[in-house]
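Chemist: Just passing along the structure, written as structure tokens.
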Amino acid sequence: MAPSFTSPSPPDNSKAALKQLSSYNSHLLRRVSSHKLLSISSTLLFRTAILLTMTLVLLFTLHYPSLLSHSLSLSSPHPTNPHRSLLSSNRLQSLNPLEIRRSATPTRTNGLSILVTGAAGFVGTHCSLALKARGDGVLGLDNFNSYYDPSLKHARQKLLHKNGVVIVEADINDSQLLIKLFQLVHFTHVLHLAAQAGVRYAMKSPQSYIQSNVAGFVSLLEVAAKNADPQPAIVWASSSSVYGLNKVSPFSESHRTDQPASLYAATKKAGEEIAHVYNHIYGLSLTGLRFFTVYGPWGRPDMAYFSFVHDIIEGKPINIFSNAKRDFTYIDDVVMGCIGALDSAKPSTGLPGGSKKTGPADLRVYNLGNTSPVPVTKMVSIIESLLGKKAKKNVVEMPSNGDVPFTHANVSLAKRDFGYQPSTDLGTGLKQFVKWYVDYYKLEVISKKKEKAQEKVASS
Ligand SMILES: O=C(O)[C@H]1O[C@H](OP(=O)(O)OP(=O)(O)OC[C@H]2O[C@@H](n3ccc(=O)[nH]c3=O)[C@H](O)[C@@H]2O)[C@H](O)[C@@H](O)[C@@H]1O
């Protein structure tokens, strides 16, 4: 009998087998489709993640271009700080365009519109007041740093505010903010006085000099050359200290300035070279003013005459560097010099957007001194007689900390070009300073007394 290949007739449990098979199939199908689903969804997830990342990067770039521009265009020695951009955008939002424009708009025909950097500083305050008083538009900028008591800077700010000058609180390294200011106002001029001052402090805090006097200056020049429309004429504060170890006296602008004695002097000299570059490439009109030991009311507490008055009143000893002489220059004379430099500056010749200049522009440098050096010992005896009190004097050797033994300005160039003629001798100028000092600090004492009296009333 041939083997029968006929399958045995299905057993009776065929239905159960079918059920099993279909359940197996559907299980398989479910596994397959869940695998498919898994791979599809993971692809989707991957793509969505990429899309999301790209969107975020795009949004970030659009929102914070300052991060990129800082790292690309600023030659700041400091690493880019993301907080700075956030700070900048906060400051941008807090700007009041109406107030800014009102402050910067001249009130006389053909008046200038001037951005004064370092407006809460000593020279900045006096210049801003004088410019505003003659009908120019003035907007101040200051970072109110704590190199010396910021309350004095705020008191100067109050004075300026009373006289219609607004100060924007910001750093000159904040290029986004500078750009915004130049968008709001078509400044005809910049009086750039913001700087890290002080000769001897450079040994303690060298980086602050680089940040303000080099990087900050470049930041301002970049914006003035590339973003301002029209490009403003810029007058800025250099220093007598650029003469360094020069022995030829009186100091004239043609003398050598390649031997600075301090980092402060070196950064001011660097500023003069940087000015040359921006004048050469972009046609910025640039005038550097070499100030000679400027003093007067609302002055800087870090300077010798100021601290001597303070210490003599307090009965504290003072150190006098033997044989030191300075061409002390009174603030009102310096203000006249700054205004003369602003008025005589020819316009910049570059086109906005950083295109090359259309012709040569002004590149000038002037001494603003008093032409009459006085020994520091003499300065102290004038203060003693004004205060009616003797100083406790320690006459010591001049320490080697960047100081130079003497300064003496030849100002014939400034006289020729804008009529600069200093007219205040040290005795007259110090008298004005002491008068201010007594008034200013007496008011403080009175207000403290009042405060105490009020506290007593409140506690009783
Ligand atoms: O002409 C300038 O370019 C510079 O003038 C001043 O620098 P400086 O002349 O050193 O002014 P002070 O610090 O007020 O010193 C005045 C004189 O007093 C002397 N001095 C200073 C301090 C001290 O304790 N004792 C002392 O005899 C100094 O040697 C100097 O001869 C400013 O502080 C700088 O910011 C400015 O740029």
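The values are calculated or read from the model by the stated rules, or taken from the named source; none is laboratory data. Since the model is a prediction, treat every value here as computed from it, not as a measurement. Because the Cβ atoms are built from the backbone with ideal geometry, glycine has one as well, and the counts that use them run over all protein chains shown. The accessibility values were calculated without ligands, DNA or RNA, using every heavy atom of the protein model including side chains. Shrake-Rupley method; radii C 1.70, N 1.55, O 1.52, S 1.80 Å.
Chemist: Using the per-residue mean of other Cβ atoms lying within 10 Å as a proxy for protection, in what order, highest first, do the peptides 206-217, 145-156 fall?
Modeler: 206-217, 145-156
Chemist: Okay, which of region 306-324 sit inside 15 Å, backbone N to the point 7 Å along the Cα-Cβ direction of K392?
Modeler: Flagged as within label range: 308-320.
Chemist: Here's something else I'd like to know. Please report, in whole Å, how far the alpha carbons of region 87-174 spread along each principal axis, starting with the longest.
Modeler: 37, 27, 21
Chemist: OK, next. How would M379, M303 line up by accessible area, probe 1.4 Å, largest first?
Modeler: If we order M379, M303 from most to least accessible, we get M303, M379.
Chemist: Ok, one more. How far, in nm, would the chain grow between Q432 and T109 when pulled straight, counting 0.36 nm per residue and subtracting the alpha carbon separation?
Modeler: Between Q432 and T109, full extension yields an extra 113.0 nm.
Chemist: Hey, another quick one. Sticking with the crude label model, points 7 Å out along Cα→Cβ, report the distance from K204 to E384 in nm, one decimal please.
Modeler: The modelled label-to-label distance comes out at 2.8 nm.
Chemist: From the alpha carbon gyration tensor of region 274-403, can you work out the equivalent ellipsoid semi-axes (sqrt of 5 times each eigenvalue) and give them in Å, largest to smallest? Don't skip to the end; give the middle numbers.
Modeler: On the way: eigenvalues 339, 45, 28 Å².
Result for region 274-403: semi-axes of 41, 15, 12 Å.
Chemist: May I ask you to order 102-113, 394-405, 283-294 by the average number of other C-beta atoms within 10 Å around their residues, highest value first?
Modeler: Averaged packing, sorted descending, gives the order 283-294, 102-113, 394-405.
Chemist: Report, in listed order, any pair from K204/K392; K158/K325; K390/K442; K162/K390; K269/K356 with a Cα-Cα distance greater than 29 Å.
Modeler: Going by Cα-Cα distance, K158/K325; K162/K390 fall outside the 29 Å limit.
Chemist: For region 94-228, what is the per residue volume of the convex hull drawn over the alpha-carbon atoms, in cubic angstrom?
Modeler: It is 101 Å³ per residue.
Chemist: Just subtract the alpha-carbon distance of K162 and E99 from 0.36 nm times their residue separation and send over the number in nm, one decimal.
Modeler: Length difference between fully extended and current span is 21.3 nm.
Chemist: Using Cα pairs closer than 8 Å and at least 6 residues apart in sequence, work out the relative contact order for region 246-384, in percent.
Modeler: 36
Chemist: Once the Cβ-Cβ distance between Q259 and N323 is put in as r, and R0 is 22 Å, what FRET efficiency do you end up with, to the nearest 0.05?
Modeler: The pair Q259/N323 has a calculated efficiency of 0.65.
Chemist: Please express the shape of region 349-415 as an equivalent ellipsoid: the semi-axes are the square roots of 5 times the eigenvalues of the C-alpha gyration tensor, given largest first in whole angstrom. Walk me through the intermediate numbers first.
Modeler: Details: eigenvalues 382, 50, 32 Å².
Computed over region 349-415, the values are 44, 16, 13 Å.
Chemist: Continuing with this model, one more query. Between D302 and I281, what is the FRET efficiency for a Förster distance of 35 Å, r being their Cβ-Cβ separation, to the nearest 0.05?
Modeler: So, using R0 = 35 Å, E works out to roughly 0.45.
Chemist: Please give the solvent-accessible surface of E99 in Å², to the nearest 10, using a probe radius of 1.4 Å with every protein chain present.
Modeler: 70
Chemist: Sort L92, L177, L351 from largest to smallest accessible area, using a 1.4 Å probe on the heavy atoms of the protein chains.
Modeler: The ranking, largest first, comes out as L351, L92, L177.
Chemist: Among the trypsin sites (Lys or Arg not before Pro) in region 292-372, which ones are in a DSSP loop with at most 13 other Cβ atoms within 10 Å of the Cβ? Mind listing them?
Modeler: K356
Chemist: For G283, what residues show an amide H to amide H distance below 5 Å, using hydrogens built from the backbone and excluding near sequence neighbours?
Modeler: Distant-sequence amide H within range of G283: K357.
Chemist: As a test of understanding, state the convex hull volume per residue of region 159-229 from its alpha carbons, in Å³.
Modeler: Output value, Cα hull per residue: 110 Å³.
Chemist: Now, a different point. Based on the Cβ-Cβ distance from K356 to D425, what FRET efficiency comes out when R0 is 60 Å, to the nearest 0.05?
Modeler: Working: r = 48 Å, r/R0 = 0.79.
E(calc), rounded to 0.05, equals 0.80.
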